[in-house]
Amino acid sequence: AKTAPGAVSLGTGTASATTAGSQPPATEVPRNADVAFQMGLMAPPSARKGTQVNVTLTMPEVLDLRDGFVEIAFDPGALEPLGARAVEPGRLRLPVGTIGRGTDVVFKVIGDAASTQVAVSNAELLDASGFAVGVAPPAPVTIGITK
């Protein structure tokens, strides 16, 4: 039987899969429990000034999101968002409806600094039942800027 990535498949008839009174595997957490799922943030290690760079935000496949947003923070002196409008200088807000399992945010490199960072600054997410979902922000990504 096929399972989704990250899902646990328990075979039938195997006594070693679980025993009476044992704790379920960590991946079998109730959806609205106060457990932080991990988002991902990926970017190339470097980009040339004047070129475009894709920063990819990934969400756990186990989440069934209905509403909310994720905010991305960036240096507006180094990066200019393309195809998205900043809610304030240095912040993009991505509504859940625009976030897939892997969503690219495209920036044009405009700065002269040696490097710049992009980070998830805030996330407020609701599941299909309307419960808040705890999602751990990923580590910021650093992009080296070459001329």
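When segment 122-131 is examined, which residues are found to be open to solvent by 60 Å² or more (accessible area, probe 1.4 Å) and under 15 Å from P95 (Cα atoms)?
Scanning segment 122-131 gives a single hit, E124.
Select from segment 45-92 the residues that are at pLDDT below 90 and either under 20 Å from A136 (Cβ atoms) or aromatic (F, W, Y) (or both) and list them in ascending order.
T58, M59, P60, E61, V62, L63, D64, L65, R66, D67, G68
State all residues of segment 98-120 that are in contact with a Pro (Cβ under 8 Å, 6 or more places away or on another chain) and open to solvent by less than 70 Å² (accessible area, probe 1.4 Å); if no residue qualifies, say none.
V105, V106, F107, V118, A119, V120
For the structure I just gave you, tell me whether P95 is at pLDDT 95 or above and either more than 18 Å from V141 (Cβ to Cβ) or not aromatic (F, W, Y) (or both).
no
Could you tell me which numbered condition L125 fails, if it satisfies all but one of (1) under 12 Å from L57 (Cα atoms); (2) at pLDDT below 95; (3) hydrophobic (A, V, I, L, M, F, W, C)?
Single failed check for L125: (1).
Would you please list the contacts, defined by Cβ atoms under 6 Å and residues six or more apart or on different chains, that run from a residue in segment 74-95 that is in contact (Cβ under 8 Å) with a residue 40 or more places away in the chain and open to solvent by 60 Å² or more (accessible area, probe 1.4 Å) to a residue that is part of a strand (DSSP E or B) and among the β-branched types (V, I, T)?
Filtered contacts from segment 74-95: D75/T116.
Output the number of residues of segment 51-91 satisfying the condition of being in contact with an Asp or Glu (Cβ under 7 Å, 6 or more places away or on another chain) and either of a type outside the set (A, V, I, L, M) or over 26 Å from F37 (Cα atoms) (or both).
8
The values are calculated or read from the model by the stated rules, or taken from the named source; none is laboratory data. Since this is a predicted model, take the numbers as computed values, not measurements. Methodologically, a virtual Cβ is constructed for each residue, glycine included, from the backbone with ideal geometry; neighbour enumeration extends over all protein chains shown. These accessible areas exclude ligands, DNA and RNA; they are computed on the full protein's heavy atoms, side chains included. Shrake-Rupley method; radii C 1.70, N 1.55, O 1.52, S 1.80 Å.
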